[in-house]
Structure formats: C-alpha cells, structure tokens
Amino acid sequence: MNALIGPGLNLIQRPRSHDLGDYDWFDLEKDGTPVGKSRCRIEEGAFTVFSIMVYPEYEGNGYARAVIDHLKTLYPVIVADRVRYTARAFWTRMGFAAETIDRYVWTSRPRSR
C-alpha cells in the first residue's frame, strides 16, 4: 500500500522481511521528507498497529491521526497492540476501545439510514 493520505503526506509500505521480524513496515513522508514510521501486521480482515511514531520535530501536525483515519477507510477492524500508557489518550480520541490495559480496538460500525 502506497497512498497519499493528506496534502503532501504519503504512507509508503516497505516489503515484509524476515530480518525485520515479519512485520509490515510503513514510512510516513511529507513532501518527500521522512516524518515517521509504523510497525504493523496486515492480516485477513484486520490491521494491527504495534507502533506508530512521528519524529519529534514533526509531532503535533496530525500525521498519526491521518494514518489512522486512512486505515479506517481500508480495514473493518484495527487493533492497537502493546499500547503505552502515554499513548492511551490518542487511541481513545481516535475512537478505539480498550480491550485490555495495552490493547485497543476499533471496528467499523454500520451507518444508520
């Protein structure tokens, strides 16, 4: 998956590699400049985020929010696994519900008519 997820903001999937733990890695670039990355796993019917990091000098620009908003358009279930205490508020604001102390889940809901 390579996608333009905001003005000049690109999410770029890197090839899965056994050397990198069989995770799906994504780079986040703004106008060609690396601004963050994410370690995930794509599985049938779900997308699991193990880490999402925006580099400190680019924090506060909504880049992590843009990544999650984009993923919500593609997957019916998104799991944030191994969530740190300092990140719980972010996942809650993004509409995720705590399943355990360090695992948050978002599921798409049918739209009411």
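FYI, it's all coordinate maths here, none of it is from the lab. Worth saying up front: this structure is predicted, and the values here are computed from it rather than measured. Reconstructed Cβ throughout: ideal geometry from the backbone, glycine too, with neighbour counts over all protein chains shown.
For a paramagnetic label modelled on E59 (point 7 Å from Cα along Cα→Cβ), amide N atoms under 20 Å away belong, within region 22-38, to 27-30, 34-38. Length gained on full extension, R14 to R84, computed as 0.36 nm times the residue gap minus the Cα-Cα distance: 22.8 nm.
Calculated FRET efficiency, S108 and R41, Cβ-Cβ r, R0 22 Å, to nearest 0.05?
0.75
Each label point was placed 7 Å from the Cα along the Cα-to-Cβ direction; for D22 and R93 their separation is 3.5 nm. Looking at region 3-62, the GluC sites (Glu not before Pro) that sit in a DSSP loop and have at most 16 other Cβ atoms within 10 Å of their own Cβ are E44, E59.
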